[in-house]
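Everything on this sheet refers to the single structure shown next.
The values are calculated or read from the model by the stated rules, or taken from the named source; none is laboratory data. These numbers were taken from a predicted model, which means no experiment stands behind them. For neighbour counting, all protein chains shown are included, and Cβ atoms are generated from backbone atoms with ideal geometry for every residue, glycine included. What goes into the accessible areas is simple: the full protein's heavy atoms, side chains included, and nothing from ligands, DNA or RNA. Shrake-Rupley method; radii C 1.70, N 1.55, O 1.52, S 1.80 Å.
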Amino acid sequence: MPALPRPLRALPLGVFVLAINANAALTGLTLYRLVCHGLTDQIGLVLLTSLLCAAFVPLTLTEGPRTKAFVRWICRTAGEYFPCRVVVEDEDGLKPNTAYVFGYEPHSALPVGIPTVFATHSPLLPKQLQGNLHGMASSVCFAVPFVRQLWWWLGLRPVSRQLMTGLLAAGKAVVLNPGGIQECMGMQHGSETVFLRKRHGFVRLAIQQGAPLVPVFAFGQSATYSWFRPKPDWLVRWISRKVGAVPLAMWGVWGSPIPHQRPVTVVIGQPIQVPHQAHPAPELVQQYLDRFIHDMAALFERHKAACGQAGCELRIL
């Protein structure tokens, strides 16, 4: 696809947040037509049919060369817009056709670095990983019409132990945000927050598959969307547990779904080699979780000044 003029490069980036908003709007409009105009209303039925097709048509039927080209275009456009830069600390440490577990931080209001850099066919992805990597996203993303198609085209898959085990066993790399919902609940303006100290699962999985752990930090990502977390916290936590996502209010340029134009630097740290054990002891899992946390903190300190965050604090929960 051709490159867009600079003033228009922001437009494709809003498509992912816009898909969420569009789904909510279309669902509301569908209910309005069917309730107010009757169950035989043609417009209401057309909208309902469209939503049902978008929700239940198998995702594999929507893939093809055009969707791959579309994803590469979106990723390239995003990389030019922010702009987004990728730094790999150990180029030789990343081998092609090899299983890795990338622990991506922070989550922020929206982890824009995952679709931008870690889409399966993103041109920003190191060549050793292109076509051999899948990002993991909350299962709720794949229950929402239109959102599920976009996430799938990017190469994202529903986060589950069974699926990640299968991908790693097949020699694929996976990218996940270990902090997830808890990290969103702990976010604060003015600092970076990662929720790692109780996240043993991704480390255990890496050891069970003998897949190196790789710390990744996205500097500047937290500034790409403004956000507000409603109160009270106990209610937000309850909703988050029920739906698998934190009900944040988030917005970009002029209150739109288009993200703020902020430089983003995604740093891929050095792989942490782990033993291969089918049933690792809790002490071994804790040892490598501590190592991952140490390496993540060290990576942050090494690069924060060069990424314009010299005075920023990293809070590890």
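Tabulated data for the structure shown
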item	result
Cβ pairs under 6 Å, 6+ apart, first in region 95-111 and closer than 16 Å to Gln208 by Cα, second of a type in the set (Gly, Ala, Ser) and surrounded by fewer than 22 Cβ atoms within 10 Å (Cβ to Cβ)	Ala99/Gly171
Unique residue being touching a strand residue (DSSP E or B) at 6+ places or on another chain (Cβ under 9 Å), basic (Lys, Arg) and loosely packed, with under 15 Cβ neighbours inside 10 Å when the list is Arg241, Arg315	Arg315
Segments classed as helices (runs of 4 or more DSSP H), wholly inside region 104-202, with at least 1 members that are in contact with a strand residue (DSSP E or B) (Cβ under 8 Å, 6 or more places away or on another chain), of a type in the set (A, V, I, L, M) and surrounded by fewer than 17 Cβ atoms within 10 Å (Cβ to Cβ)	161-169
Single condition Thr98 does not satisfy, out of (1) open to solvent by less than 30 Å² (accessible area, probe 1.4 Å); (2) part of a loop (DSSP other than H, G, I, E, B); (3) among the β-branched types (Val, Ile, Thr)	(1)
Lone unmet requirement of (1) assigned to a strand (DSSP E or B); (2) in contact with a Phe, Trp or Tyr (Cβ under 8 Å, 6 or more places away or on another chain) for Val87	(2)
Segments classed as strands (runs of 3 or more DSSP E), wholly inside region 219-287, with at least 2 members that are closer than 25 Å to Gly201 by Cα and of a type in the set (A, V, I, L, M)	264-268
Pairs with Cβ under 9 Å, 6+ apart, first in region 194-216 and closer than 21 Å to Ala170 by Cβ, second of a type in the set (Asp, Glu) and in a strand (DSSP E or B)	none
Top-ranked residue in region 22-70 [being in a loop (DSSP other than H, G, I, E, B) and open to solvent by less than 40 Å² (accessible area, probe 1.4 Å); ranked as nearest to Thr120 (Cα to Cα)]	Gly64
Residue check for Gly308: of a type in the set (Gly, Ala, Ser), within 23 Å of the chain's Cα centre (by Cα), modelled with pLDDT under 95 and open to solvent by 60 Å² or more (accessible area, probe 1.4 Å)	yes
Flag for Val267 being open to solvent by 20 Å² or more (accessible area, probe 1.4 Å) and in contact (Cβ under 8 Å) with a residue 12 or more places away in the chain	no
Residue match in region 212-226 (condition: modelled with pLDDT of 85 or more, surrounded by fewer than 18 Cβ atoms within 10 Å (Cβ to Cβ) and either of a type in the set (S, T, N, Q) or touching a Leu at 6+ places or on another chain (Cβ under 8 Å) (or both))	yes
Number of the condition not met by Asp92 [criteria: (1) under 30 Å from Leu196 (Cβ atoms); (2) surrounded by fewer than 18 Cβ atoms within 10 Å (Cβ to Cβ); (3) touching a Ser or Thr at 6+ places or on another chain (Cβ under 8 Å); (4) not hydroxyl-bearing (Ser, Thr, Tyr)]	(3)
